[in-house]
Amino acid sequence: MVKFPYSFRRGQKEALKFIKGVGGNLCIDAPTGFGKTPVILSAFLNKIHPIIWAVRTGNEADRPVEELKAINEITDESFFGFSFRGKRDMCLAARERDIADTESVAYFCQKNRNKCQYYINLSNYRIKPFEPLLYSDIIQLSAEAEICPYYLQRELLQYADLVALSYNYIIHPGMSWVIKSIIPFRECYLVVDEAHNLRLIGNINSDYITLNTFKNAIKELEELGKEVSGRE
């Protein structure tokens with residue numbers, strides 16, 4: 001167990017001891033401001049089994065990395081981690097061309113990757129993971145070195161003690177392979193932040209619709225039909 005980076009607040013020391021003693025799946029419920037993130041990191045961080053920290057949106061992925069930086073400041077062993085984002089957020093070439101939506105960026109990358117100078121430059125870049133990297137850190141580092149931020153992330157996975165990413169990289173088969181091809185899920189700790197949101201994410205990725213959804217869709221179509229008819 002690594003050192004806790006702060007003075008313990010009420011309940012944190014007990015929570016840390018509890019997490020370490022469970023040895024299996026667990027659910028933690030604590031109020032906002034309790035400090036769950038540093039407690040969980042301090043309990044699980046090690047150099048053998050990486051932590052995959054799943055959050056609702058990519059924008060929330062920096063938080064555990066910030067806490068990892070705080071832990072590194074007071075521990076004898078340095079841990080590496082970073083925020084993992086999708087191509088829409090990471091592609092420098094797409095930004096230069098004002099391509100913004102997810103599908104368009106993915107298509108642009110697929111068609112142009114092998115002739116993209118950022119991607120080509122990455123093959124000659126010496127990767128030296130040294131300290132935890134926020135999303136903005138990876139973008140800045142990549143822009144200065146003129147390398148691809150997205151595929152730099154892919155290379156960094158093999159060195160990571162912590163990877164923070166959105167739920168989709170865990171539950172979506174078309175996306176999860178990116179992570180588990182480097183970090184097998186059976187060989188890591190999985191932390192699902194704000195797990196109550198998984199129900200919503202599951203519905204979004206479902207192949208099924210409820211009867212109420214179907215009825216509401218019909219109602220909206222009928223209303224749209226009346227509106228169009230009224231314009232004629």
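Computed from the coordinates by the stated procedures, all read-outs in this text should not be read as laboratory data. Note that the coordinates shown come from a computational prediction; the quantities given were computed from them, not determined experimentally. Neighbour counts are summed over all protein chains in view; Cβ atoms, including those assigned to glycine, are modelled from backbone coordinates with ideal geometry.
Sorting 4, 82 by the number of Cβ atoms found within 10 Å of their own Cβ, with the fewest placed first, yields 4, 82.
Rounded to the nearest angstrom and listed largest first, the equivalent-ellipsoid semi-axes of the chain from its Cα gyration tensor are 36, 28, 15. Packing here is the average count of other Cβ atoms within 10 Å per residue, and on that basis the peptides 222-229, 113-120, highest first, run 113-120, 222-229.
Subtract the Cα-Cα distance of residue 115 and residue 229 from 0.36 nm times their separation in residues, and report this length gain in nm to one decimal.
Working: separation 114, 0.36 × 114 = 41.04 nm, distance 5.05 nm.
Taking residue 115 through residue 229 to full extension adds about 36.0 nm, to one decimal.
Were the residues from residue 3 through residue 69 laid out at 0.36 nm apart, the gain over their Cα-Cα distance would be 22.5 nm. Remark: the chain carries a charge dipole of roughly 480 debye about the Cα centre, counting +1 on each Lys and Arg Cβ and -1 on each Asp and Glu Cβ. The C-alpha atoms of the chain define a longest principal axis, and helix 211-231 lies at about 40 degrees to it. Of the three principal axes defined by the Cα atoms of the stretch 1-91, the extents in descending order read 43, 30, 25 Å.
One decimal place: the segment residue 46-residue 20 gains 8.1 nm when fully extended, by the rule 0.36 nm per residue minus the C-alpha distance.
Summary of the geometry: the stretch 1-40 and the stretch 117-170, compared by the centres of their Cα atoms, lie 29 Å apart.
Listing 85, 126, 56 from fewest to most neighbouring C-beta atoms within 10 Å gives 126, 56, 85. Spin-label model, residue 217 to residue 187: label points 7 Å out along the Cα-to-beta-carbon direction sit 4.2 nm apart. Summed over qualifying helices (DSSP H, 4 residues or more, each -39500 (n - 2.57)) and divided by its residue number, the chain shows a 222 nm mean residue ellipticity of -14500 deg cm²/dmol.
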